[in-house]
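Take a look at the structure set out below.
Every read-out reported here was derived from the displayed coordinates using simple, explicitly stated rules and does not represent laboratory data. A quick note: this is a predicted structure, and the numbers were derived from the prediction, not measured. Because the Cβ atoms are built from the backbone with ideal geometry, glycine has one as well, and the counts that use them run over all protein chains shown.
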Amino acid sequence: MSSRSLIVVAILALAGCVSPVHAPQTPVAVPVSAATWQLVDKELVSASQQATEQVKVFARGSMEHWRTRVYEQTEEKFIPWFSSYWTQEWLSMKVSWYTLNAGGEQDASSKRLAEYLLEQYQQRVLAPVAVEIDPDAILAQSTGYYAQLMAQQIPVIAQRHGIPIAQLNGHLQKIPAIALGPPPARDASLYQIVSTEPLNTLPAYAALIDKIHTDGGAKGIASTDAGMAPVAKRASQRMEAEMAPRGAASAVAAAAGKLVGGLISVGVAGIRAIIQASDRPDSEALIRSSLGNTFDKAWLKLVQNPKTGVMAGTLHMAAQIEGNLGGGEEPSVGLGANPVEWRPPESTTQQIDP
């Protein structure tokens, strides 16, 4: 290539380098009439109502699954443990210790035994089931499911009315979805809840879940302690009644000598085992009745309470969105949940995935 050609190429290259760079064009706003925005708002209200109904189905199915698993774990793990001979012997020792250290307090042994049984119920039933599913997880999943369903409808509405998505997003930023402020970080718009992924990274969402937990008091079914009280009281009364005969038998065994005394001790232990075995059906019936009634009340509250139940996050957002868009009445839970008799279920209700 000649030197003249090289010079021409170099000049062209330099010209290309200094040519102005064009800035990206800003999308031109499409004129949208007030009537169209009113239609958009009505469709957002309708989308919210439909999403809420779908979340109700999911939440109810998930809560049924949780209840079934608690029933099963209670039957398979807790009741056999409580009714076993060696557990009853161990509980008798604890009742003896509680009684000796009661200091004149009325029903001290039954109260402390109830606390111990509640700890065991948490470890043997509620904690293992919570690894799979629990009301806190259902609350979070339900709230996230609502946001997901609303996000799916935004592009559909934009396309239906020929509105650029950026323009519709600007409209969504003006619609409150979470209102807990001040400070402003505790508030969030409809745009924020449908565009934040994952939803739990949104500060207003975290504030909403925290408020639901605070308003609801202890998480899960900690009120099961009320169900433990009659179980513990009956058990402690029976065990305290057995203490005097045990003490007398020990004294007789000691006076009779090592060989005969050992036989007497074995005989007394056998009698206690027979008594406990005969008492077992009544004890297990009491456990099912006491725990079942208390659990069902707690479960029903978690299902139906619009402020502290598993639908509370969804209902807060739906109420804000629909209320600010003129959607009428505040959404209700309406899960149609009824308490049921505690008994081992014949089949397991499967959890519904959002």
> Expressed in nm to one decimal, what extension gain is obtained for the pair E119 and Q152 from 0.36 nm per residue of sequence separation less their Cα-Cα distance?
Replying inline: 7.5 nm
> Do any of K56/K307; K111/K301; K42/K211; K42/K307; K56/K211; K111/K297 go past 18 Å between their Cα atoms, and which?
Replying inline: K111/K301; K42/K211; K42/K307; K56/K211; K111/K297
> Residues with amide H under 5 Å of D134's amide H, sequence separation 5 or more or different chain, H placed in the peptide plane at 1.01 Å from N; which?
Replying inline: none
> What list of ³J(HN,Hα) couplings, whole Hz, do you get for the stretch 49-59 from phi and the Karplus terms 6.51, -1.76, 1.60, once you set θ to phi - 60° and write x for glycine and proline?
Replying inline: 5, 5, 4, 4, 5, 5, 5, 4, 4, 4, 5
> If you stretched the chain out fully between A127 and A285, how much longer would it get, using 0.36 nm times the residue separation minus the C-alpha to C-alpha distance?
Replying inline: 54.6 nm
> What list of ³J(HN,Hα) values in whole Hz, one per residue of the stretch 111-121 in order, does the Karplus curve 6.51 cos²θ - 1.76 cosθ + 1.60 (θ = phi - 60°) give from phi, with Gly and Pro shown as x?
Replying inline: 5, 5, 5, 4, 4, 5, 5, 5, 4, 5, 5
>> At R0 = 30 Å, how high is the FRET efficiency between W37 and K301 if r is their beta carbon distance? Nearest 0.05 is fine.
In response: 0.15
> Efficiency by 1/(1 + (r/R0)^6): what FRET value for W90 and N293, r their Cβ-Cβ distance, R0 = 22 Å, to the nearest 0.05?
Replying inline: 0.25
> D187's amide H: which non-local residues (gap 5+, or another chain) put their own amide H closer than 5 Å, with H modeled 1.01 Å from N in plane and none for Pro or chain starts?
Replying inline: L180, G181
>> Please compute the modelled spin-label separation between Q237 and A102, points set 7 Å along Cα→Cβ, answer in nm with one decimal.
In response: 1.3
> Short version: ³J(HN,Hα) in whole Hz for each residue of the stretch 93-98, in order, from phi by Karplus 6.51 cos²θ - 1.76 cosθ + 1.60 (θ = phi - 60°), x for Gly and Pro, what are they?
Replying inline: 4, 5, 4, 4, 5, 4
> Points 7 angstrom from Cα along the Cβ direction at Q54 and D215: gap in nanometres?
Replying inline: 2.5
